[in-house]
1. Just going by the charge dipole of segment 11-164, with Lys and Arg at +1 and Asp and Glu at -1 on Cβ, which of S154, L133, V102 is farthest out on the positive end?
2. Once you keep just the Cα pairs under 8 angstrom separated by 6 or more residues, what percentage relative contact order results for the chain?
3. Can you give me the orientation-averaged projected area of the convex hull built on the Cα atoms of the chain, in nm²?
4. For K64, give me every one of the lysines with a C-alpha distance below 23 angstrom, ignoring sequence neighbours fewer than eight places off in its own chain.
5. In whole Hz and in residue order, list the ³J(HN,Hα) couplings for segment 144-154 that follow from phi through the Karplus curve 6.51 cos²θ - 1.76 cosθ + 1.60, θ = phi - 60°; x for Gly and Pro.
6. If you plug each phi of segment 83-94 into the Karplus form 6.51 cos²θ - 1.76 cosθ + 1.60 with θ = phi - 60°, what whole-Hz ³J(HN,Hα) values come out, in order, with x for Gly and Pro?
7. What number in nm² do you get for segment 32-126 if you take the convex hull of its Cα atoms and divide its surface by four?
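The numbers here are math on the coordinates, done by the rules we state, and not lab data. On a predicted model such as this, the values are computed, not experimentally measured, just so you know. Note: ideal-geometry Cβ built from the backbone for every residue, glycine included; neighbour counts use all protein chains shown.
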Amino acid sequence: METIHPLKQISQIFQISLADIANELDVKRQTVNEWVGKRRRPIPKKHIPKIAAIFNLDERWFEKSLLKGSEVLELQRIYIDRNATFEEYEDFFVDDDGVEQVITKYYSPEQDVSRQLHEEEKVKSVIEDVQQLLERELGDYNNYYQDIMRGVLSIVDSEERGKVRMLSDVIDFLLYRDHGFGGFDIKDKNVEGKFDEIYEYYQKK
């Protein structure tokens, strides 16, 4: 299956034609077509900063050979946020003294679409990370990681709140134990101490 070149995909999302890009770069349209066509030629590095400026995006987007699904969603969200229109409306509330107050607020119909895209982006990113992990060439460890992932999915799928909460705490502990920020916070210090003991034991393995 043919994949779409990132530049072509971004041009479609941001509604800037390849012909306009060629004009901005002062190159022939055929040249741009050769970058994004079936027989792809790499985009010369000298053009990447200007292409990035055309779209007001980081240069890294145009150094990729392929966009992941989550990245496409991210770009769609960026475009929607940039072009969002806001409607002004008045909201009323009663303050602590019982006096009705009026406050001006702004609403964008595109905000709901942007939020939906953001949620889809997060889900897609997790799926891509899991797929990439399971497809890595790790020899004997590949089956080991697959077994871990099956275990995690089995616990989450069980919908047993106690097990899921425990799994979440263990993951937070492993992610954030060694630095001073993160979500790990267990009220019971005895439980936290047990986590520390287990962690120290496996660090020696």
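1. L133
2. Relative contact order, the chain: 12 percent.
3. If I average the Cα hull's projected area over directions, I get 20.5 nm².
4. Partners within reach: K8, K28, K38, K45, K46, K50, K122, K124.
5. Residue by residue, segment 144-154 yields 4, 5, 5, 5, 4, 5, 4, x, 4, 5, 5 Hz.
6. Karplus-based 3J(HN,Hα) across segment 83-94 equals 9, 5, 10, 10, 9, 8, 8, 9, 10, 10, 8, 9 Hz.
7. Averaged projected area of segment 32-126's Cα convex hull equals 9.6 nm².
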